[in-house]
Amino acid sequence: MEMLLFLMAFPALIAALLVLIRNNAARNVIVIAGGAVTAIASIACVCMNLGCGLVLFDCESAFADTLCTAVSCICVVVVLAFAVKYKNVIAGVLGLVQLAVVLFVEFAFAHEMDVPQGLYLDSLTLMMVFIIGVIGSGICIYAIGYMEDFQAHEPEGAKDRRPQFFALMFIFLSAMFVIVFSNNMAWMFTGWEVTTLCSFLLIGYTKTEEAIANAFRQIIMNLAGGIAFILALYVCATSVGTFSLDEFIRAGVANPSLVLLPVVLLAFAGITKAAQMPFQTWLLGAMVAPTPTSALLHSSTMVKAGVFLLVKLAPCFLVSPVPSVMVMLVGGVTFLLCSFMAISQTNAKRVLAYSTIANLGLITACAGVGTPEAVWAAMFLILFHAIAKSLLFLCVGTAEHHIGSRDIEDMDLLFERMPRLARLMMLGIMGMFIAPFGMLIAKWATLVSFIEVGQVALIVILAFGSAATFMFWAKWLGKLAGIAGEPQNVELKVHGSEWFSVMLMAMLLVACCVLLPVISMAVAEPYITSVFGLPGQDISSGNLWIASICVCITVIALFTGLGRSKKKKVDVYLSGVLRDDGTRAFQDSLSGESVATARNWYMEDVFGEARIAPVGVVFNSILMACAVVMALCGMTLI
């Protein structure tokens with residue numbers, strides 16, 4: 001239990017130091033040391049508990065209960081202060097509602113809810129610990145060099161807010177550890193709200209009008225989810241009589257009607273945190289924040305808290321049709337429509353955002369299915385999405401600083417201008433959609449789980465959504481792979497901290513793909529066995545090892561020759577008389593001069609946001625409203 005307490009407290013301690021220390025060199029040392037210790041402690045926690053089932057720890061504490069309530073209230077008060085400052089009425093009203101409900105639940109019920117075993121560990125938690133501790137810390141270290149360049153591009157005399165930025169990053173990690181370790185759902189709610197507040201402050205970091213607007217969009221949607229969460233606790237107190245997550249899930253499996261309403265409310269909270277339609281716009285708006293913020297929100301924290309909760313509730317979804325249908329269809333529709341909308345995007349970060357929302361939709365759908373096979377698939381979708389997407393965000397952030405654009409169409413000849421970074425970006429893209437990387441294996445397992453439960457609608461959604469996924473990733477991959485001319489190599493100025501983190505994510509991606517059979521045996525299967533009583537994957541270990549070997553071959557082929565000087569340079573052949581090799585200009589058939597260009601097809605008129613988004617927003621909104629009404633009716637009849 002000491003390791004759990006350390007992981008929850010240590011990043012918060014580092015955050016406090018970062019607020020106080022203003023010297024750049026000292027701050028960099030603290031960030032590196034704090035990230036390294038957090039990562040090492042996370043790995044140690046995973047290694048010491050590999051293969052464990054559910055382990056509950058006795059740690060009931062009245063002081064911890066009071067502290068959590070105080071922190072939850074402070075988060076709301078901070079939001080209210082910003083709502084007053086920027087005259088945002090909706091955020092203010094929702095904040096007041098949440099504050100009132102939190103105080104009511106605390107004084108009416110919470111002091112009577114004894115949860116002797118407040119903390120716990122299982123294999124799903126260990127996977128999340130690895131993602132938060134290693135990937136999250138790597139992003140914090142990456143931010144050292146990135147934020148130095150970011151600050152250099154700020155207007156002269158602009159205030160340096162990097163101490164607050166790094167402090168918020170580490171508080172984020174601490175809050176995420178609280179979420180994944182808490183068996184006491186009141187404690188989990190506190191971590192939940194801290195991540196919401198930190199996200200709000202990070203999105204609004206630049207304090208531009210656009211950043212403030214997007215920050216309030218995020219806080220409004222997640223306040224709605226937070227209100228649903230605290231209302232679920234109220235219903236738990238009145239109907240189930242416990243705040244213990246373990247007891248709640250066991251009660252839900254034994255008597256689904258008893259927990260119908262709180263399961264629906266918790267699922268709603270998870271859907272908002274995971275940015276599922278109709279709440280996808282807050283995650284898209286987060287793109288205005290510095291790249292480390294985007295990477296942290298999209299890969300290792302925030303959105304992963306949402307799908308983590310949904311996967312934990314999978315046993316309840318398996319036996320309760322109302323929340324199961326809601327979660328399955330919300331996730332499936334989000335996966336399909338956001339994959340379509342990603343096709344129409346030229347902004348690389350926006351492609352990554354839509355891809356994130358789509359993949360979270362697939363994880364959500366798997367959680368809604370709730371079978372052991374679907375949970376196995378969801379766990380690996382979470383793992384590989386976290387690593388590959390963090391690698392891609394960091395690569396895009398570095399490329400943007402050195403080529404001056406995040407537009408995919410401006411990445412011509414990136415393979416020549418930034419050869420090492422281009423290869424790493426290509427590795428991340430291949431990790432998202434190409435066999436034999438782990439993401440595609442997880443999608444195959446997803447398809448198998450959908451077939452086994454006869455979910456024809458989800459099978460069709462997966463087929464068309466995966467086709468769209470192939471289209472938008474293949475376009476980007478083709479753009480990166482183009483080689484012609486000899487432009488200046490601009491990656492020589494990339495900071496060491498950026499290279500460290502990017503290489504870390506690349507090595508983690510390869511290692512997890514190669515070791516997928518081991519991870520399945522040591523992490524995924526123990527969790528599923530402890531929850532369902534049987535292993536959850538139908539793919540033979542032999543096939544998994546074959547995929548691992550293929551990954552090794554693919555990576556060797558991708559990085560062969562990296563760093564070697566060219567022995568021979570030939571002119572570009574353009575089926576005409578070459579005029580200028582550098583600009584790829586040639587004499588055309590009318591004796592004029594033409595410049596060769598390669599541009600992708602984005603099909604804005606077919607897959608544009610204005611056409612696609614309203615469909616998902618309306619459908620999912622009606623679906624969730626119906627689920628809440630049915631849950632209320634069901635609870636009334638008990």
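Any chance region 467-478 includes a residue that's out of contact with any Leu (no Cβ under 8 Å at 6 or more places or on another chain), at pLDDT below 90 and not in a helix (DSSP H, G or I)? So far as region 467-478 goes, no, none of its residues is out of contact with any Leu (no Cβ under 8 Å at 6 or more places or on another chain), at pLDDT below 90 and not in a helix (DSSP H, G or I). Residue 193 meets each of the listed conditions (1) crowded, with 24+ Cβ neighbours inside 10 Å; (2) among the acidic types (Asp, Glu); (3) more than 21 Å from the chain's Cα centre (by Cα) apart from (3).
Got at least one residue in region 206-214 being under 20 Å from the mean Cα position of the chain (by Cα), surrounded by 24 or more Cβ atoms within 10 Å (Cβ to Cβ) and either at pLDDT 90 or above or not in a loop (DSSP other than H, G, I, E, B) (or both)? No, because not a single residue in region 206-214 is under 20 Å from the mean Cα position of the chain (by Cα), surrounded by 24 or more Cβ atoms within 10 Å (Cβ to Cβ) and either at pLDDT 90 or above or not in a loop (DSSP other than H, G, I, E, B) (or both).
If the condition is being open to solvent by 30 Å² or more (accessible area, probe 1.4 Å) and in a helix (DSSP H, G or I), then region 431-440 contributes only 440.
Annotation note: Cβ proximity below 9 Å between a residue of region 594-618 that is outside any loop (DSSP other than H, G, I, E, B) and among the aliphatic types (A, V, I, L, M) and a residue that is modelled with pLDDT under 85 and surrounded by 16 or more Cβ atoms within 10 Å (Cβ to Cβ) (sequence gap 6+ or interchain) occurs for 595/584; 595/585; 595/586.
A quick yes/no check of all residues on (1) modelled with pLDDT under 95; (2) among the small types (Gly, Ala, Ser); (3) touching a Phe, Trp or Tyr at 6+ places or on another chain (Cβ under 8 Å):
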position	(1), (2), (3)
232	yes, yes, no
242	yes, no, yes
268	no, no, no
281	yes, no, no
289	yes, yes, yes
298	yes, no, yes
302	yes, no, yes
316	yes, no, no
327	no, no, yes
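List, please: which pairs have Cβ atoms under 6 Å, are six or more places apart or on different chains, and start with a residue in region 226-242 that is free of Cβ contacts under 8 Å to residues at least 60 places away in the same chain and end with one that is open to solvent by 10 Å² or more (accessible area, probe 1.4 Å) and among the aliphatic types (A, V, I, L, M)? If the second residue must be open to solvent by 10 Å² or more (accessible area, probe 1.4 Å) and among the aliphatic types (A, V, I, L, M), the pairs left are 228/265; 232/265; 240/251. Annotation: of all residues in region 68-109 being out of contact with any helix residue (DSSP H, G or I) (no Cβ under 8 Å at 6 or more places or on another chain) and open to solvent by 50 Å² or more (accessible area, probe 1.4 Å), the one that is modelled with the lowest pLDDT is 107. Restricted to helices (runs of 4 or more DSSP H) entirely inside region 318-430, those with at least 3 residues that are open to solvent by less than 10 Å² (accessible area, probe 1.4 Å) are 321-343, 348-369, 372-403.
For region 442-453, a residue qualifies if it is open to solvent by 30 Å² or more (accessible area, probe 1.4 Å), assigned to a helix (DSSP H, G or I) and in contact (Cβ under 8 Å) with a residue 40 or more places away in the chain, and the qualifying residues are 444, 448, 452.
Here is a yes/no grid of residues against (1) open to solvent by less than 10 Å² (accessible area, probe 1.4 Å); (2) under 23 Å from residue 74 (Cβ atoms); (3) not acidic (Asp, Glu):
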{"residue": "118", "(1), (2), (3)": "yes, yes, yes"}
{"residue": "133", "(1), (2), (3)": "yes, no, yes"}
{"residue": "147", "(1), (2), (3)": "yes, no, yes"}
{"residue": "150", "(1), (2), (3)": "no, no, yes"}
{"residue": "158", "(1), (2), (3)": "no, no, yes"}
{"residue": "161", "(1), (2), (3)": "no, yes, yes"}
{"residue": "172", "(1), (2), (3)": "yes, yes, yes"}
{"residue": "219", "(1), (2), (3)": "yes, yes, yes"}
{"residue": "224", "(1), (2), (3)": "no, yes, yes"}
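In the set 15, 70, 64, only one residue is touching a Phe, Trp or Tyr at 6+ places or on another chain (Cβ under 8 Å) and either farther than 30 Å from residue 497 by Cα or free of Cβ contacts under 8 Å to residues at least 40 places away in the same chain (or both); that residue is 64. The residues of region 325-354 that are out of contact with any Leu (no Cβ under 7 Å at 6 or more places or on another chain) and over 16 Å from residue 408 (Cβ atoms), listed by number, are 325, 333, 334, 336, 337, 338, 339, 340. Counting the residues of region 12-57 that are surrounded by 18 or more Cβ atoms within 10 Å (Cβ to Cβ), under 12 Å from residue 126 (Cα atoms) and among the β-branched types (Val, Ile, Thr) gives 1.
The values are calculated or read from the model by the stated rules, or taken from the named source; none is laboratory data. If you're wondering where the values come from, they're calculated on a predicted model, not measured in any experiment. Virtual Cβ from ideal backbone geometry, glycine too; neighbours counted across all protein chains shown. Surface accessibility is based on the protein's heavy atoms, side chains included, excluding ligands, DNA and RNA. Shrake-Rupley method; radii C 1.70, N 1.55, O 1.52, S 1.80 Å.
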